[in-house]
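Notes to accompany the following structure.
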Amino acid sequence: MEGGSPRTVAEELDAADPLAAFRERFVIDDPELIYLDGNSLGRLPAATPGRLREVVEQGWGGGLVRSWQGWIDWGARLGDRLAGHVLGARPGEVVVSDSTSVNLYKLAGAALDAAPGRGTVLVDAEDFPTDRYILQGLAQQRGLRLRRLPSDLDGGLDLDVLRGALDRDVALVVLSLVSYRSGALLDMARVEELARGVGARVLWDLSHAAGAVPVDLAGAGAELAVGCTYKYLNGGPGSPAFLYVRRDLQAVLRQPVWGWFGQREQFRMGPDYDPVPGIERFLVSTPALLSLAAIDPALDLVEEAGLARIRAKGLLLGRLADELADAWLAPLGFRAASPRPAERRGSHVSLYHPDAWRICQTLAADAKVVCDYRVPDRLRIGPSPLYTRFTEVWDALARIRDTVAGRAYTSRPAGLARVT
């Protein structure tokens, strides 16, 4: 397809889309708004308010504390659903709890404690900030060396760079499967193979991958992973994260935050910490129940659609965005800032422009296109296959073209806001 083809090409893709009906199962408050920020916060599933109302009115209002009989194992039950339908893991290897940052701290701390005599931690220098900060703190506390691997802003981490940094002193490697800025997709199985060669462990951040690309933790030989549920999994703002620990490691690793939800015979209130043998030993405390409840109907949609179909549509949406960006936006000072072809990245597309921040503000305020900005000069476009139409991608790229060609963005402030 040529980038200048008529809009009917996008209309035909919508007509043939096997996932088209899923859009009607989300809340679309303003049909004129084109929402391309599903890589930051997914839309609200239409079934979620009713599910929350049920938990609030019947569970909290009617059942009161008695409802904990049914609530107590929600984290593990949701974890099993994620394991089977999203993450390629086995039952009893995933649990939903806390935030991605807290889970990363717990698993990184456990992995480092299990590697005495090794003094190096590796991290992608361009990885998401909280991952880098947590590792910086852990390394400082333990007297370890943190090595930040140089990484291309657009292409991601070169595995030759990783290979050259791996030696017998490396205890832990922490990487994102999909780069938050560019969308670059790593080869999980190959990374695991390289790390195993020197006896190091890998901890994966799956936040921009879960629900967008098929993940096969078991098949890739992965041992540890964390990720969020509010992006492509549509669990809602601040919804609890998940963590994965391969079954054979669960009894070996002891996480650093010892809480009563990970305790054997929890309600005996014993004097000393004695963790359960399974995945729930990585829990800490009473979960945010209403947020947990919101994940339930969101997973219904992902499971029904299936990751294979979600990924197939995501690739088509990405290719369309690439072709239109090349045809319409490149002459206006944009360039691709994500790997090509689409198979080499997750579901979001990043574009460079020196005024990306002011353009992003103008699109949201004046053109009814919501995407987002990431430093230093990247506009991220994040279609979500469950509810984004091909015509929306077409129309959004046309609105970006017209906005930039008209230079309306030049009146916007250059200084960053608190939220970008």
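Worth pointing out:
- Kirkwood hydrodynamic radius (C-alpha pairs) into Stokes-Einstein, segment 104-229, 10 °C and 1.306 mPa s, D in µm²/s: 111
- Overall, segment 343-402 carries a charge dipole of about 160 debye about its Cα centre when +1 sits on the Cβ of Lys and Arg and -1 on the Cβ of Asp and Glu, all other atoms neutral.
- Taking a ≥ b ≥ c as the square roots of the eigenvalues of the Cα gyration tensor, an a/c ratio of 1.5 or more together with a/b no larger than b/c marks segment 162-278 as oblate.
- For segment 32-127, with +1 on Lys and Arg beta carbons and -1 on Asp and Glu, the positive-most of VAL65, GLY50, ALA114 along the dipole: VAL65
- About the Cα centre, charge dipole magnitude for the chain (Lys/Arg +1, Asp/Glu -1 at Cβ), debye: 820
- Segment 331-396 versus segment 172-214: alpha-carbon centroid distance in Å: 24
- Which of VAL370, VAL27, ALA165, positive extreme of dipole for the chain (C-beta unit charges): ALA165
- Nearest-20 debye value, segment 212-336 charge dipole, Cβ charges on Lys, Arg, Asp, Glu: 160
- For the listed peptides 167-174, 206-213, 326-333, a ranking on the average number of other beta carbons within 10 Å per residue, highest first, reads 206-213, 167-174, 326-333.
- Segment 19-159: relative contact order in percent, alpha carbon pairs under 8 Å with at least 6 residues between: 13
- Compared with the dominant principal axis of the Cα atoms in the chain, helix 390-405 is inclined by about 60°.
- Rounded, prolate or oblate (a/c below 1.5 giving rounded, otherwise prolate when a/b exceeds b/c) for the chain by Cα gyration tensor: oblate
- Between amide H atoms placed 1.01 Å from N, distances below 5 Å from LEU44 occur with VAL27, all of them 5 or more places distant or on a separate chain.
- Sequence-separation-based contact order of the chain, relative, with Cα cut under 8 Å and 6+ spacing, percent: 22
- Ordering LEU185, PRO275, LEU206 by the projection of their Cα atoms onto the charge dipole of the chain, which places +1 on the Cβ of Lys and Arg and -1 on the Cβ of Asp and Glu, puts PRO275 at the extreme positive end.
- Segment 6-133: C-alpha gyration tensor shape, a/c 1.5 cut-off, then a/b vs b/c: oblate
- Accessible surface calculations at 1.4 Å, restricted to protein heavy atoms, place the chain at 41 Å² per residue.
- Taken along the Cα-to-beta-carbon direction at a fixed 7 Å, the label points for ARG264 and VAL56 span 4.1 nm.
- Computed over protein heavy atoms with a 1.4 Å probe, the carbon and sulfur contribution to the accessible area of the chain reaches 53%.
- Per residue of the chain, the DSSP helices (runs of n ≥ 4 H) give a summed -39500 (n - 2.57) that works out to -9500 deg cm²/dmol at 222 nm.
- Around the amide H of VAL95, modelled in the peptide plane, lie the amide H atoms of LEU243, all under 5 Å away and 5 or more residues distant in sequence or on another chain.
- Protection proxy ranking of 373-384, 271-282, by the mean of other Cβ atoms within 10 Å over each peptide's residues and highest first, is 373-384, 271-282.
The values are calculated or read from the model by the stated rules, or taken from the named source; none is laboratory data. All figures in this text were calculated on a predicted structure; none of them were measured in a lab. With ideal geometry, Cβ positions are generated from the backbone for all residues, glycine too; neighbour counts draw on all protein chains shown. What goes into the accessible areas is simple: the full protein's heavy atoms, side chains included, and nothing from ligands, DNA or RNA. Shrake-Rupley method; radii C 1.70, N 1.55, O 1.52, S 1.80 Å.
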